[in-house]
1. Give the number of residues within region 219-235 that are outside any loop (DSSP other than H, G, I, E, B) and surrounded by 15 or more Cβ atoms within 10 Å (Cβ to Cβ).
2. I'd like to check something: does region 87-98 contain any residue that is in a helix (DSSP H, G or I), small (G, A, S) and modelled with pLDDT under 90?
3. When you check I238 against the structure, is it in contact with a Cys (Cβ under 9 Å, 6 or more places away or on another chain), open to solvent by less than 80 Å² (accessible area, probe 1.4 Å), part of a helix (DSSP H, G or I) and within 26 Å of I153 (Cα to Cα), yes or no?
4. From the list A212, A223, which residue is touching a strand residue (DSSP E or B) at 6+ places or on another chain (Cβ under 6 Å) and not aromatic (F, W, Y)?
5. Those residues that are among the small types (G, A, S) and more than 22 Å from the chain's Cα centre (by Cα), I need them from region 12-54; list them, please.
6. Does R34 meet the test of being among the basic types (K, R), at pLDDT 85 or above and touching a helix residue (DSSP H, G or I) at 6+ places or on another chain (Cβ under 7 Å)?
7. Answer with yes or no whether Q119 is free of Cβ contacts under 8 Å to residues at least 12 places away in the same chain and open to solvent by 40 Å² or more (accessible area, probe 1.4 Å).
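The values are calculated or read from the model by the stated rules, or taken from the named source; none is laboratory data. Fair warning: this is a prediction, and the values are worked out from it, not measured in the lab. Because the Cβ atoms are built from the backbone with ideal geometry, glycine has one as well, and the counts that use them run over all protein chains shown. Ligands, DNA and RNA are stripped out before the accessible areas are found, and what is left, the full protein with its side chains, is counted by its heavy atoms. Shrake-Rupley method; radii C 1.70, N 1.55, O 1.52, S 1.80 Å.
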Amino acid sequence: MQDNREALNVASLAGDILLASGAEIFRVEETIFRICQAYGVKSGDAFVLSSGIFITAGSQEEQEFARVRHIPLCAARLDRVAAVNQLSREIVAGKHTPSQALERLSQIQDMPPKARLHQVLASGIGSACFCFLFGGDWLDSLAALMAGLILYIYLLYIVRGRLSKIATNISGGALVTLLGILMYQSGLGHHLGEMIIGSIIPLVPGVAFTTAIRDIADEDYIAGAVRMLDALLVTFCIAMGVGLVMMAYHHFVGGLVL
């Protein structure tokens with residue numbers, strides 16, 4: 001009985017980490033099911049939503065177990081998803097006892113994010129590459145590189161999670177638009193539209209949007225709709241930030257900037 005409870009604790013924690021890291025609903029449910037089966041729990045069952053996990057077990061042979069966990073929507077952490085996937089395969093192969101698996105899951109849960117410097121560099125390089133991909137020239141890409149670097153410096157060192165998701169994305173979109181206009185007016189860049197589009201790409205919730213589509217395709221309509229709504233809200237906030245700065249520039253300076 002105690003072994004079954006340990007096994008269910010492993011399955012529950014694995015599901016928590018996956019869902020909090022942006023994994024698809026079917027992946028979370030399948031991982032929980034496979035871990036339960038690997039440890040001999042035949043009555044385990046899981047119901048997963050985008051923000052919660054419900055796990056139950058119990059029969060004449062097995063101890064009753066129930067757990068409800070609330071998991072708020074968070075940014076994707078694909079490194080944790082990959083680590084839990086690998087661990088679940090090793091559990092199915094019989095390489096870990098429940099206590100060993102719990103210790104390994106605790107280590108995965110404590111995995112630090114990428115270094116801030118790496119995130120800043122990735123934002124700048126990504127912005128420059130997308131600017132070039134959308135039709136900008138090398139000077140536009142250089143301007144997008146600078147805007148992308150400043151954007152993540154703002155997000156990681158100034159905001160630091162103290163603003164809501166709505167305020168963060170509105171201010172981030174406004175910041176890169178303002179930087180793009182200033183560089184465009186100073187002669188650093190030839191195509192303002194491409195510069196701004198490239199610079200806002202680090203804010204766009206591409207992983208969340210793709211995950212939402214996959215959930216809907218797998219008939220997890222509630223979770224898919226919630227994630228889709230969250231991704232669309234972020235996109236709307238980014239567009240609002242860009243639009244507010246463009247309207248203000250047009251109002252005070254006059255003329256068209258795009």
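1. Of the residues in that region, 9 qualify.
2. No: region 87-98 contains no residue that is in a helix (DSSP H, G or I), small (G, A, S) and modelled with pLDDT under 90.
3. no
4. Just one listed residue meets the conditions, A223.
5. A38, G40, S43, G44, A46
6. yes
7. Numbers: free of Cβ contacts under 8 Å to residues at least 12 places away in the same chain: no; open to solvent by 40 Å² or more (accessible area, probe 1.4 Å): yes.
Judged against the criteria, Q119 is not a match.
Residues checked against (1) out of contact with any Lys or Arg (no Cβ under 6 Å at 6 or more places or on another chain); (2) more than 16 Å from A76 (Cα to Cα); (3) at pLDDT below 85:
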residue: E194; (1), (2), (3): yes, yes, no
residue: I201; (1), (2), (3): yes, no, no
residue: P205; (1), (2), (3): yes, no, no
residue: T210; (1), (2), (3): yes, no, no
residue: I216; (1), (2), (3): yes, yes, no
residue: E219; (1), (2), (3): yes, yes, yes
residue: I222; (1), (2), (3): yes, yes, no
residue: M228; (1), (2), (3): yes, no, no
residue: L233; (1), (2), (3): yes, yes, no
